[in-house]
Each structure stands twice: as structure tokens, then as C-alpha cells.
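Data block below; observations after.
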Amino acid sequence: MKIYVPMDSAATALGADEVAKALAREIAARGLDAQIIRNGTRGMIWLEPLVEIDRGDGRMGYGPVTPADVPAILDGSAQSLGPVEEIPFFANQTRLTFARCGVIDPLDLDDYAAHGGLAGLTRAIAMSSAEIVQEVADSGLRGRGGAGFPTGIKWKTVAEADADQKYIVCNADEGDSGTFADRMIMEGDPFTLIEGMAIAGLGVGATRGYVYLRSEYPDAIRVMRAAVKIARQRGVLGADVLGSGRAFDMEIRQGAGAYVCGEETSLLNSLEGKRGVVRAKPPLPALEGFLGRPTVVNNVISLATVPVIFEKGAQHYADFGLGRSRGTVTLQIAGNVKHGGLYETAFGLTLGEVVNGIGGGTATGRPVKAVQVGGPLGAYMPVSKFDTPVGYEEFDKNGGLIGHAGLVVFDDSADMLQMARFAMEFCAVESCGKCTPCRIGAVRGVETIDRIAAGDPGAADLLTDLCETMKDGSLCALGGFTPFPVMSALTQFPDDFVCQKEAAE
Amino acid sequence: MLDRAQAPSTEEIREVVTPLAGLEGPLLPMLHALQDTYGLIPEGAVPVLADLLNLGRAEVHGVISFYHDFRDHPTGRHVLKICRAEACQSMGGNALAAATLKKLGVDWHGTTADGAVTVEPIYCLGLCACAPAAMLDGRVVGRLDEDRMGKLLAEVRA
């Protein structure tokens, strides 16, 4: 009998370690022949801790499990969720990037290979650098970190740059609220990121890579470091990648709690040991990146998707999607939602289908008021925009952005003026200080919203003006995109901004 | 960590950071190593790092002060980081944080009078589908309410 208990931090945050301990005790007490495997999460967070038991007839799910449920589960008398992969939330997904997450033991390289792992890297080794870059371009993969820049073009720029040393830098500074896909894959299937980075290295001629991983993710850091060590021991990384005669090695670097370091140029400064201040572009990091060398900077999900593109072929990946948004999007459904978790699917579902259909509406049972899509710099989408399809261009047309595809659902108790104020406050706390509109504008933004709240009739126009200045005058997305949540709150939820004086009249 | 606040010597600091000197971009790993060892960045570290990395003292100080993680003062025996980001707010995180701070009689970044716990704000632990969330000394906790938070606090004050 095999028993799976996730070690993903969302599961452990809900008591998975205690459940695993209780299982181990009970198994020993009963003298059962059972093995406990700590897998990643399947992404159905509302069912965590989700225990799966394989008695030889498939993996049956139980959840959410508490230590008190353990005896009944082992007796076979507990109510089961049935075969885990037949739960509709899971069954209806198209799992490409996350195919192995929650299925395998994250640190078992043989298990990884048995589930299609390393097939992509093996295929890439037989290809030329130009062919590797072309394959990524043909897949239509776009940067999953938020900007949606075509990955193939970025790789081509680095591949064609002439330098004695090039780098692959993975942006694992997943600081946006509502996003956890990076954390989930690093904790649940770390080898896929390593394999993706190795393929990138072969493609552009880089022999060294770094994962810049935020310090708020201690579990992911631990798993990634262990995985890199194993990959090195087993010849996936090192001087002779899988016997190809070509070198690629990598290191995990810990961030230090600065949100702005998720912006690629401040990330590079931070990695170099400097203040995480934004750099002006050009020069592009692709030409002058880490230590001034040509550098691919890609998000975790972008790089973790590369192996499946090489395993199944660019066309297989490109066949999914909508318009210029090819492949799958890893939706992270979060906040006040009944069925929260990670849902990988082809681009094209509408926002309403995601929130109400897949997410099941709010956790509190109250009506949905707003959904913030794309993190703290993303717009608050009202219910009236629920027919917007999930696609880069489609969201752009509706005044929003997909970003890293995190969705935070709010019920009708949310005060949108307070949410707008928080966006400005967050920008003020996290601004790197380089651009005046961001550094000072965010502070003035908090004050201006307080003036609206206090009943100043002219303050709303001033806020609009300030947001335009921040948008046009900031180098990076922190100052440039903070106006998205602020202005969307102001324009879509005007009732929350009705000043006290007016309300009193 | 208050009890090991005695300032380390220059030699001790060198011993912690020198093994990392061969890294590309070694300053952040060095600062993390120092904080892991001493619970803070010792004052005496600035000249040592400046000397070792051929940087100005002001530059080193600038890096230390830029990042939220690095501190120049000790914390309580435990550190409780409560998430303040949007997903946690959507599940009542603000009220829970306010109640917790009130119960402990501290503000953000404050340490309780008995030195048991320091409360820090954190912006997202990636536990957005099981909000509100917090982290106690590196251990994550999700789906918090006043009752579960009370149990955590009892643990640290015991």
C-alpha cells in the first residue's frame, strides 16, 4: 500500500505534517506494509491535506484530513473522494507544465524520469542551438511572469550575442499576492525547472544559471537546493550534461524580502549583491544582464514549461490556446473563493467561468464583488467584466492584465477605497526609490485617497492625475502599474469613493 | 536571540563570510549567512564586508538597509510574520492582524515586553488559496482564525 501525503507548504500549513506523523504511528502500531510518500500538491487546496491511498487499484483521495481521521482511513471506513484524478476540478484540466506535480515524489529523479522527465532535455541535446531556440519560438510560449514577452525572441537575442560567458537566470521572486504556481512547482516538481534551465543553457550557449528565490518561500528553497544537488550527482547538471559533452550548472540564491526584485533588472542588481534598484532599459538584460553578460531572465513557469514543449513537440503545445496566447495558463484561484487552487488549462475560458464555475463562487457564500487579476499591480475586475476571456490581448482590451495569472476573489464586504489605498501603501513600502513618481507619488497617493475618504471633492481628479504621472513616469511596473488597481477601483466601484460630505447631504 | 547579543569579533565575522567569497555576487549570501548565525547583521560586519569585497562602507550599509530581511537589532525568541497582502485581506486578514497585535500589545515590527515574540508584516507567503496565512519561525500556517492564532500565540509564550 502506498500512501501519499503532500509536503507542499499549502498542505503543511493546513496540517499535513501532523497527518503524516499520525499515519506513520498508526501504520507501525498495526504492523501494516505501507509506504508514505511525501508528494507535491495536486493544487486542490480546499481539499488539503489531501491524502491519497493506492491499494493497487489507483489513487483514492481523502480530504481535508485531520490526524483524527487516520484510523478510519486505514480501516477503509472513511468517506473517500474517489479516484483523485476523477475529481472534476482536476479531471477538467489540461496539465502540461504541472503534469507531474502532486503525482511524484518531488526529489525522486527516477520517478521523474518514469513520468516523462528528462525526455525533453535528451531531445534538446541532439538539436543545434538554433533548432532549440526555434522550437521554443514555434511553441508560442510567452513569459508567464506577467509581461507575456515571447520567450523564443528573448532566447534568440541571447543566443546571437557574442560573449565569453552567458547566464540563465530564473525569476522565482513570486511576490504577487494571489500567485503560488512558482512555489507549487518548485516544491512539487523541482526537476522540471532544472531541466528547463538546462535546455535554455544549451539553446543560448549559457553554462551557468541562477534561481533567484524569495526568502518568503523557505520550503521551496530547501527542495530546490536538494534537487540541484541530486541533479548534479546524477549528471543532469555539471560539466557533461547527460553525457552530451556540454556543461550547465546552477545555484539557488535567496532573496531578501524586497518585492521590487521580481522586476528583472532589480533582480539582476540584487543577484550581483547590490541594492535592488531598477535599471533603465536599454541595455536589455538579454545583451547586458547579470554581471554585464548576455542573460536570459525567465519566470519559473516559463522555464518549467520548456521540458514538456521538447518532450511533446512545439506544435503539441501551440495547439492549445486562444489567438496569440498559445498553450496553457496556470490559473491560481485564490482569496475569498470556495474551491481555491491551481488550475492549468488552455487560454480562453472567461473570467466568470473561472471564478464562478471552477472556483465555485466565494468561500463566505456572499456575492462576488471584484476579482483582482495579476497581483497587486493588476486591475480589480467587476462582475460586469466576467465575460472577458483569459488571454493577454483580451484582458488588455478590458483594462486589465493577466500578469502571473493569479486571481484574488473578494466578496461584497470588500471596501474598494481601502483596497486602492492599500495598493498605494504597498507601492510606497516597496518602491526601490529610483523614480520620483513611484517613490513620492505612492506616498502622495495614500494621502490623496485619505482626502477622498474624508470628503475632499477635488481629490479624485488629483488622484487620476497622479496615476497618469506614475504610469508615464516610472521605469518599471511597480510605479507604472500601481495605477491599475487604484484606477480600476475608482472607476469600476465609484460608490465606495463617495465622500462622506456627499453621503451626508 | 536577545541572549546572544554579544557582538562578534572581526575574526568571527570573517570566518562566517570568507567561505562565500568565491561566489558571483557574494554580498547577499554573506548577509544571509551572518543573519542566520547571529540573528541580525552585526554592526562590525560593515567594515569587514567592505574590505573583503572592495566596496565603500556606505555601499554595504546601503545594501543592508535596502532589504526588509536584514536587521540591525535582535528579535524576540520567536518571529511571527503575518501576511498583509490582498488574498489574506479578502479572508479577513486585516481584522485578524489587528486583533493579534492588540492582544500582544505591540505594533508591526514590535517585540512583546517579555521578549517572547516579534511580529512582522509579510507580503505574501504563496498561501493565497488557504488565507489568511502566517509564518511562525519558518513554519507556515494557513486558514487562520482567532482560535488558531490563539493556539500559536500560546505556543510561543509558553
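In square angstrom, what is the accessible area per residue of segment B:32-88 with a 1.4 angstrom probe?
Here the residues of segment B:32-88 average 43 Å² of exposed surface.
Determine the shape class of segment A:49-147: with a ≥ b ≥ c the square roots of the Cα gyration tensor eigenvalues, call it rounded for a/c under 1.5, and otherwise prolate if a/b is greater than b/c, oblate otherwise.
In terms of gyration-tensor shape, prolate.
Please work out the average accessible area per residue across segment A:383-448, using the 1.4 Å probe convention, and give it in Å².
Value for segment A:383-448: 35 Å² per residue.
How much of the accessible area of the protein assembly as shown, probe 1.4 Å, is carbon plus sulfur, in whole percent?
The C+S portion of the solvent-accessible surface of the protein assembly as shown is 51 percent.
What fraction, in whole percent, of alpha-carbon pairs in segment A:285-372 exceed 17 Å separation?
That fraction is 62 percent.
Per the Kirkwood formula on distinct C-alpha pairs, the Rh of segment A:131-223 is how many angstrom?
Over segment A:131-223, the inverse of the mean reciprocal pair distance is 14.2 Å.
Work out the mean other chain Cβ neighbour count within 10 Å for the residues of A:272-282 and drop it here as an integer.
4
Please compute, for peptide B:78-88, the average count of beta-carbon atoms on other protein chains lying within 10 Å of each residue's beta-carbon.
6
For chain B, which cysteines have no second Cys with its Cβ under 4.7 Å from theirs?
B:Cys124, B:Cys128, B:Cys130
What translational diffusion coefficient, in µm²/s and rounded to a whole number, does the Stokes-Einstein relation yield for segment B:97-158 at 20 °C and a viscosity of 1.002 mPa s, taking the hydrodynamic radius as the Kirkwood radius over Cα pairs? Present the calculation step by step, with values, prior to reporting the outcome.
Details: Rh = 12.1 Å.
Using the Kirkwood radius from Cα pairs, D works out to 177 µm²/s.
If I model segment A:425-486 as equal point scatterers sitting on the Cα atoms and use the Debye formula, what is log10 I(q)/I(0) at q = 0.12, 0.26, 0.30 Å⁻¹?
Listed by q, the Debye log ratios stand at -0.24, -1.02, -1.26.
Using alpha carbon centroids, what distance separates segment A:282-335 and segment A:196-260, in Å?
Answer, in whole Å: 16.
With the dipole of segment A:197-236 worked out from charges on the C-beta (+1 for Lys and Arg, -1 for Asp and Glu) around the Cα centre, which of A:Gln233, A:Ile199, A:Tyr212 lies farthest toward the positive end?
Selected residue: A:Gln233.
Sequence gap at least 6, Cα distance under 8 Å: using those rules, report the relative contact order of chain A to the nearest whole percent.
Reported relative contact order: 13 percent.
Cα to Cα, under 20 Å, and not fewer than 8 places away if on the same chain: which lysines meet these conditions relative to B:Lys103?
Straight-line reach from B:Lys103, under 20 Å: B:Lys81, B:Lys151.
Under a Cβ-only charge scheme (Lys and Arg +1, Asp and Glu -1), can you give me the dipole magnitude of segment A:33-121 about the Cα centre, in debye to the nearest 20?
On the way: 6 positive and 13 negative charges, 65 e Å.
In debye, rounded to 20, segment A:33-121 gives about 320.
For every other residue with a beta carbon closer than 12 angstrom to the beta carbon of B:Val46, add +1 if it is Lys or Arg and -1 if Asp or Glu, then tell me the sum. Don't skip to the end; give the middle numbers.
Working: positive: B:Arg57; negative: B:Glu43, B:Asp51, B:Glu59, B:Asp72.
Local charge sum for B:Val46: -3.
Taking A:Lys156 as the anchor, which aspartates and glutamates have their alpha carbon closer than 14 Å to its alpha carbon, excluding any fewer than eight residues away along the same chain?
A:Glu131, A:Glu135, A:Asp138
Within segment B:66-153, list the chymotrypsin sites (Phe, Trp or Tyr not before Pro) lying in a DSSP loop whose Cβ has at most 14 other Cβ atoms in a 10 Å radius.
Taking segment B:66-153 and a limit of 14 other Cβ atoms within 10 Å, the loop chymotrypsin sites (Phe, Trp or Tyr not before Pro) found are B:Trp108.
When the Cα centres of segment A:103-156 and segment B:1-65 are compared, how far apart do they sit, in Å?
38
B:Ala50 to B:His73: FRET efficiency via 1/(1 + (r/R0)^6), r the Cβ-Cβ distance, R0 30 Å, to the nearest 0.05?
E between B:Ala50 and B:His73, to the nearest 0.05, is 0.90.
How large is the Kirkwood hydrodynamic radius of chain B, counting all unique pairs of alpha carbons, in Å?
Result for chain B, one decimal place: 17.1 Å.
Which of rounded, prolate or oblate describes segment A:386-505 when judged by the alpha-carbon gyration tensor and an a/c cut-off of 1.5? Spell out each step's value before the answer.
On the way: a/c = 1.92, a/b = 1.13, b/c = 1.70.
Cα axes put segment A:386-505 in the oblate bin.
Counting DSSP beta bridges in chain A, what percent are antiparallel, to the nearest 5? Present the calculation step by step, with values, prior to reporting the outcome.
Working: 29 of 53 bridges.
If I count the DSSP bridges inside chain A, around 55 percent turn out antiparallel.
Counting alpha carbon pairs within less than 8 Å and at least 6 residues apart, what relative contact order, in whole percent, applies to segment A:92-224?
After rounding, I find 32 percent.
Ignoring ligands, DNA and RNA and using a 1.4 Å probe, state the total buried accessible area between A and B in Å², rounded to the nearest 100.
Looking at A and B, the buried total is near 3700 Å².
I need the GluC sites (Glu not before Pro) found in segment B:36-92, filtered to DSSP loop residues with at most 16 other beta carbons within 10 Å of theirs.
Hits after loop and neighbour filter: B:Glu43.
To the nearest 20 debye, what is the magnitude of the charge dipole of segment A:75-144 about its Cα centre, counting +1 on the Cβ of each Lys and Arg and -1 on the Cβ of each Asp and Glu? Present the calculation step by step, with values, prior to reporting the outcome.
On the way: 5 positive and 10 negative charges, 79 e Å.
Result for segment A:75-144 is approximately 380 debye, rounded to the nearest 20.
Given a 10 angstrom Cα cut-off, can you work out which residue in B:Pro74, B:Pro29, B:Pro19 is the most mobile in a GNM of chain B?
B:Pro19
When the accessible area of each residue in segment A:405-424 is compared between its chain alone and the complete protein assembly (1.4 Å probe; ligands, DNA and RNA ignored), which residues differ by at least 40 Å², being lower in the assembly?
A:Phe422
State log₁₀ I(q)/I(0) for segment A:277-319 at q = 0.15, 0.28, 0.29 Å⁻¹ as given by the Debye formula over alpha-carbon point scatterers of equal weight, solvent excluded.
Taking Cα atoms of segment A:277-319 as identical point scatterers yields -0.55, -0.91, -0.94.
What shape does the protein assembly as shown have by the C-alpha gyration tensor, where a ≥ b ≥ c are the square roots of the eigenvalues, rounded means a/c under 1.5, and otherwise prolate means a/b greater than b/c and oblate the rest?
rounded
Based on the Kirkwood radius over alpha-carbon pairs, what is the Stokes-Einstein translational diffusion coefficient of segment B:1-84 at 4 °C with 1.567 mPa s viscosity, in µm²/s? If you can, show how the numbers build up before the last one.
Details: Rh = 13.4 Å.
Roughly 97 µm²/s, to the nearest whole number.
Considering every residue in A:9-18, what mean count of other chain Cβ atoms within 10 Å of its Cβ is obtained?
So the per-residue partner count for this stretch is 5.
Before I look further, what does segment A:90-209 give for accessible area per residue, probe 1.4 Å, in whole square angstrom?
Working: 3420 Å² over 120 residues.
Using a 1.4 Å probe on heavy atoms only, each residue of segment A:90-209 averages 29 Å².
Placing unit charges on C-beta atoms (Lys and Arg positive, Asp and Glu negative, everything else neutral), compute the dipole magnitude of segment A:365-414 about its Cα centre in debye, rounded to 20.
Around 140 debye, computed over segment A:365-414.
Where does the charge balance sit around A:Ala220 when Lys and Arg score +1, Asp and Glu -1, over other residues with C-beta under 13 Å from its C-beta?
Details: positive: A:Arg183, A:Arg214, A:Arg222, A:Arg225, A:Arg253; negative: A:Asp8, A:Asp173, A:Glu174, A:Asp182, A:Glu187, A:Asp189, A:Glu216, A:Asp219.
Around A:Ala220, the charge tally is -3.
Would you mind counting up the charge near A:Pro483? Only other residues with Cβ under 12 Å from its Cβ, with Lys and Arg at +1 and Asp and Glu at -1.
Net of charged neighbours comes to -2.
The values are calculated or read from the model by the stated rules, or taken from the named source; none is laboratory data. These numbers come from a predicted model, not from an experiment. Don't worry about glycine lacking a Cβ; one is built from the backbone with ideal geometry, like all the others, and counts go over all protein chains shown. To get the accessible areas, we keep the full protein, side chains included, count just its heavy atoms, and leave off ligands, DNA and RNA. Shrake-Rupley method; radii C 1.70, N 1.55, O 1.52, S 1.80 Å.
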